[in-house]
């Protein structure tokens, strides 16, 4: 039988590899894989202590972590697909979605209300006219 410290050392090694992957890689898929590796390292540690202490709580907690990891993978994959469709890149350094959002909010809140434009109904369709320069 393999002693407990070997399992803990292997779990710590997996966790460190995951942290290094999250901090150094810029590809969104590799970052998600690194997060999964970190969750699996935590699972290995819980299972190891559960077996060592002859207690099922670690195994039950591991089942919850697996469920969270599965939902994280599904949401992460949906975000990656949406990101690739919008920006045609998976490089996280090139993604600046928050920059334009913050810039638009700041410019909209600093302009007088009369400069936003008006909405009028013409022949069953909406048309938006801008009275000020475009953003």
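Which number in (1) modelled with pLDDT of 80 or more; (2) within 23 Å of the chain's Cα centre (by Cα); (3) surrounded by 13 or more Cβ atoms within 10 Å (Cβ to Cβ) marks the one condition that residue 70 misses?
(3)
Which members of region 48-65 meet the condition of being without any contact (Cβ under 8 Å) to a residue 24 or more places away in the chain and assigned to a helix (DSSP H, G or I)? Give the derivation first.
If we filter region 48-65 for residues that are without any contact (Cβ under 8 Å) to a residue 24 or more places away in the chain, which is where we start, we get 50-51, 53-64.
Selection gives 50, 51, 53, 57, 58, 59, 60, 61, 62, 63, 64.
So, in region 22-47, how many residues would count as being in a helix (DSSP H, G or I) and closer than 23 Å to residue 92 by Cβ? I'd like the intermediate steps shown before the answer.
Taking region 22-47 as the starting set, the residues that turn out to be in a helix (DSSP H, G or I) are 22-24, 28-47.
Next cut, closer than 23 Å to residue 92 by Cβ only: 22-24, 28-41.
Number of matching residues: 17.
Of all the residues that make up region 26-44, how many are buried (at least 19 other Cβ atoms within 10 Å of the Cβ) and farther than 21 Å from residue 10 by Cα?
Summing the residues that are buried (at least 19 other Cβ atoms within 10 Å of the Cβ) and farther than 21 Å from residue 10 by Cα in region 26-44 gives 1.
Would you call residue 123 modelled with pLDDT under 55 and more than 22 Å from residue 31 (Cβ to Cβ)? I'd like the intermediate steps shown before the answer.
Values: modelled with pLDDT under 55: yes; more than 22 Å from residue 31 (Cβ to Cβ): yes.
For residue 123, the condition - modelled with pLDDT under 55 and more than 22 Å from residue 31 (Cβ to Cβ) - is met.
Which residues, taken from region 93-109, are assigned to a helix (DSSP H, G or I) and at pLDDT 75 or above? Explain how you work it out, then say what you get.
Just the residues of region 93-109 that are assigned to a helix (DSSP H, G or I), to begin with: 97-109.
Passing the criteria: none in range.
Take residue 90 and decide whether it is touching a helix residue (DSSP H, G or I) at 6+ places or on another chain (Cβ under 7 Å), more than 30 Å from residue 45 (Cβ to Cβ) and modelled with pLDDT under 55.
It is false that residue 90 is touching a helix residue (DSSP H, G or I) at 6+ places or on another chain (Cβ under 7 Å), more than 30 Å from residue 45 (Cβ to Cβ) and modelled with pLDDT under 55.
The values are calculated or read from the model by the stated rules, or taken from the named source; none is laboratory data. In this text the structure is predicted, and so the values were computed from the model without any measurement. Quick reminder, even Gly has a Cβ in these numbers, built from the backbone with ideal geometry, and neighbours come from all protein chains shown.
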